[in-house]
Amino acid sequence: MLSRPGIPPHPWVVDVAVVVVGIGLGAAVGSTVTTETRSQLSQPGGPEIFLGSLSGMAGTYLALVMLLLVSRVPPVERVLGQDGLLRWHRRLAPWPLGLIGAHAVLLILGYALAAHIGVVHEASAMATSSATMLAATVAVIVMIAIGVASIHQIRRRMRRETWWLLHLFMYLALALAFAHEVVLGPSFVAHPLARILWSVAWVAVAALVAVYRIGMPLVRTLRHRLQVQEVRPEAPGIVSVILSGRHLERLAVSGGQFFEWRFLTRGMWWQAHPFTLSARPSPPYVRLTVKAVGDFTDAVGRLEPGTKVAIEGPYGAFTVHAWRRSRVALLAGGIGVTAVRSLLEDLPLRSQPIVLLRATSAEELVLDDEIAELARVRRGRVERILGPRHQVSMEREIVKHIPHFRTRDFFICGPEGFVNECRRAMASLSVPKDAVHHEVYRL
Amino acid sequence: MRRQLLGLGATVAGLVAVVVSHPGKAPGMKPAATSKAAGPPPQVSGPVAPSTGGASGSATGKAENYGYGTLDVSVSVSGGRIVDVSVPQLHTLESYSQSIAQQVIPMLRQEVLQAQSANIQGVSGATYTSEAYAYSLQAALTTLGFK
């Protein structure tokens, strides 16, 4: 019997989390408000310094929330899923960066106005006056650099690996900034309770990051000792990698989930990439299927048998647990077929799933024989939808092939364009939003 | 949308709770005439004349801990007027606080000489320093029987 992950927490957990995070934000901002006196707001630089303190507090608090989001702590991960996490990450990220940038600018300006000296003079005095301020200066420069690199037009020109490496420096920046917050922050100076709460919150979140981003992956990697068994071409540019390992019956993974994979060879060991399992583990083997779209995925096709593999995961909420209604349909675009293939395995017999496989041409269809067999056993059926994008309307195909689409759950997986088209079709067909589950492959 | 409202509501609730529960701080820099007890007794030198007309002499208020460090304020009074204020002792935990205090103290001195009392506006960005300065100054003025 294979282990299976626990049932994900109910969505109301998110509501509770939103309330707790909101109260914390209010309290953080409030603690700054109470340190200010009205008469000082009318002084030169007063409003700038007040707003600078506020934005620093709010921005750093939001940075803490983002750190919690990326910690991959299981309840957050299982409720939001990869898609949700990324969406929240992108939606939130500009706020802490913008607020912390504003914090630096406003305080330099405010103190320069208060002291009647030039902005440049004040900035250099601030940066060099003490070790904590020097650290904070380095931190804000790093943050601004990461913020600038995140601007869509600039990020597009960077390699994914460079981008990822740059991102890691955010942890360093947050650590460097911590000392100046508790030593100099008006909300913490002379407020020992606030200082303790703030420190405990940061230490706790840092511990979660250490446990779930470093500790657990290390334990699982060492327990399962995965290594490449075979690399098998599936179609032009698409390969399956079969790995062997120990104790795989203890690897609690659902169909549709993915791991971050790290192939321990020269030139590849330092970067982890997300790939879905294209079949549930069948000890002592697991299989992933990868489409070559970049340097890294190209190199996957040339992996030598025996290559050791480190894993982080399993992650993702694109699993059978999301299924609520009586019927189910699975829609796969391109390489999204891998998640649908492993998800199909988790569906009960007689679930009569309808599977739509979307590809530009027949030779791009991979794993479709396996999918046909899995669907047949479950008394379902598979439809293959071929043709260039401008000739195919997913809405028309859904209406044509899927009856009872208002009493069904839909699982959609594929490239962003495909998933968005399907979601639009669902919306115009009045399929309830909570019946649509999707996972985007970001290439 | 519902979640945004939920988060917004919770934020406002947290903000209000902290601001309301915070022990209210009087607007302005008016220190209580009797400073919060404890600490070494203020040092007085020169003739103390707690009478009307004009107090004279100089005194140093008790050292105030203001979170970033400690300071005390020494004041000289002559003929019922504050003629000089200084900070004989300034210790900060951190050199950034030191440089802020060194910027702020001359400005506070100027405010005191103008206001002729410890009831000063304070300097923005140095709330705690200004408060500690005003408290220590008021303690010194009280021992001199000034006003």
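The values are calculated or read from the model by the stated rules, or taken from the named source; none is laboratory data. Worth saying up front: this structure is predicted, and the values here are computed from it rather than measured. Please note: Cβ atoms are built from the backbone with ideal geometry, for glycine as well, and neighbour counts cover all protein chains shown. These accessible areas exclude ligands, DNA and RNA; they are computed on the full protein's heavy atoms, side chains included. Shrake-Rupley method; radii C 1.70, N 1.55, O 1.52, S 1.80 Å.
A quick yes/no check of all residues on (1) open to solvent by 20 Å² or more (accessible area, probe 1.4 Å); (2) more than 10 Å from chain B (Cβ to nearest Cβ); (3) within 29 Å of A:Val189 (Cβ to Cβ); (4) modelled with pLDDT of 85 or more:
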| residue | (1), (2), (3), (4) |
| --- | --- |
| A:Ser39 | no, no, yes, no |
| A:Glu48 | yes, no, yes, yes |
| A:Leu54 | yes, yes, yes, yes |
| A:Tyr61 | yes, yes, yes, yes |
| A:Leu92 | yes, yes, yes, yes |
| A:His116 | yes, no, yes, no |
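Given the criterion within 14 Å of another protein chain (Cβ to nearest Cβ) and without any contact (Cβ under 8 Å) to a residue 60 or more places away in the chain, identify the matching residue among A:Arg223, A:Arg195.
Sole residue among the options that is within 14 Å of another protein chain (Cβ to nearest Cβ) and without any contact (Cβ under 8 Å) to a residue 60 or more places away in the chain: A:Arg195.
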**Item:** From B:Ser117, B:Ser97, residue being farther than 27 Å from A:Gly52 by Cβ and touching a Leu at 6+ places or on another chain (Cβ under 8 Å)
**Value:** B:Ser117
**Request:** Return a yes/no flag: does the range B:70-82 have any residue that is out of contact with any strand residue (DSSP E or B) (no Cβ under 8 Å at 6 or more places or on another chain), within 30 Å of A:Thr32 (Cβ to Cβ) and either in a helix (DSSP H, G or I) or away from chain A (no Cβ under 11 Å) (or both).
**Result:** no
**Request:** With respect to A:Arg250, determine if the residue is modelled with pLDDT under 95 and out of contact with any strand residue (DSSP E or B) (no Cβ under 8 Å at 6 or more places or on another chain).
**Result:** yes
**Message:** Which residue is modelled with the lowest pLDDT, if the candidates are limited to the range A:118-145 and must be closer than 20 Å to B:Val123 by Cβ and facing another protein chain (nearest Cβ under 8 Å)?
**Reply:** A:Ser129
**Complete:** Picking from A:Phe169, A:Phe188, the residue that is outside the structural domain of A:Ala299 (by TED's automatic domain parsing) and surrounded by fewer than 21 Cβ atoms within 10 Å (Cβ to Cβ) would be A:Phe169
**Asked** When the range A:175-195 is examined, which residues are found to be closer than 17 Å to A:Gly30 by Cβ and either assigned to a loop (DSSP other than H, G, I, E, B) or modelled with pLDDT of 95 or more (or both)?
**Response** A:Gly185, A:Pro186, A:Ser187, A:Phe188, A:Val189, A:Ala190, A:His191
**Message:** Can you tell me which condition A:Ala28 does not meet? The list is (1) aliphatic (A, V, I, L, M); (2) surrounded by 23 or more Cβ atoms within 10 Å (Cβ to Cβ); (3) away from chain B (no Cβ under 13 Å), and all the others hold.
**Reply:** (3)
**Request:** Determine whether A:Arg262 is touching a Phe, Trp or Tyr at 6+ places or on another chain (Cβ under 7 Å) and basic (Lys, Arg).
**Result:** yes
**Request:** Check the range A:5-17 and report whether any residue there is closer than 26 Å to A:Ala149 by Cβ and assigned by TED's automatic domain parsing to the domain that holds A:Val205.
**Result:** no
**Asked** Just wondering, is there one or more residues in the range A:216-237 that are modelled with pLDDT of 90 or more, farther than 19 Å from A:Gly336 by Cα, of a type in the set (S, T, N, Q) and under 24 Å from the mean Cα position of the chain (by Cα)?
**Response** yes
**Request:** Working carefully through the options A:Leu251, A:Leu264, A:Leu288, find the one that is out of contact with any Pro (no Cβ under 9 Å at 6 or more places or on another chain) and more than 30 Å from A:Ile402 (Cβ to Cβ).
**Result:** A:Leu264
**Asked** With (1) modelled with pLDDT of 95 or more; (2) farther than 30 Å from B:Gln98 by Cα; (3) surrounded by fewer than 15 Cβ atoms within 10 Å (Cβ to Cβ) as the list, and A:Ala206 as the residue in question, which single condition is left unmet?
**Response** (3)
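Listed residues A:Leu67, A:Leu80; which is surrounded by 16 or more Cβ atoms within 10 Å (Cβ to Cβ), within 14 Å of another protein chain (Cβ to nearest Cβ) and within 28 Å of A:Gly313 (Cβ to Cβ)?
A:Leu80
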**Prompt:** Which one is surrounded by the fewest Cβ atoms within 10 Å (Cβ to Cβ), of the residues in the range A:245-290 that are β-branched (Val, Ile, Thr) and within 15 Å of A:Ala310 (Cβ to Cβ)?
**Reply:** A:Thr265
**Prompt:** Of all helices (runs of 4 or more DSSP H) completely enclosed by the range A:24-107, which ones contain at least 1 residues that are touching a residue at least 12 places away in the same chain (Cβ under 8 Å), on the phi < 0 side of the Ramachandran plot and charged (D, E, K, R)?
**Reply:** A:46-70, A:74-92
**Request:** State which residue is farthest from A:Gly101 (Cα to Cα) when the search covers only the range A:130-164 and only residues that are open to solvent by 30 Å² or more (accessible area, probe 1.4 Å) and not in a helix (DSSP H, G or I).
**Result:** A:Arg159
**Subset of the range B:104-147 that is in contact (Cβ under 8 Å) with a residue 12 or more places away in the chain, among the polar types (S, T, N, Q) and touching a helix residue (DSSP H, G or I) at 6+ places or on another chain (Cβ under 7 Å) - its residue that is farthest from the other protein chains (Cβ to nearest Cβ)** = B:Thr129
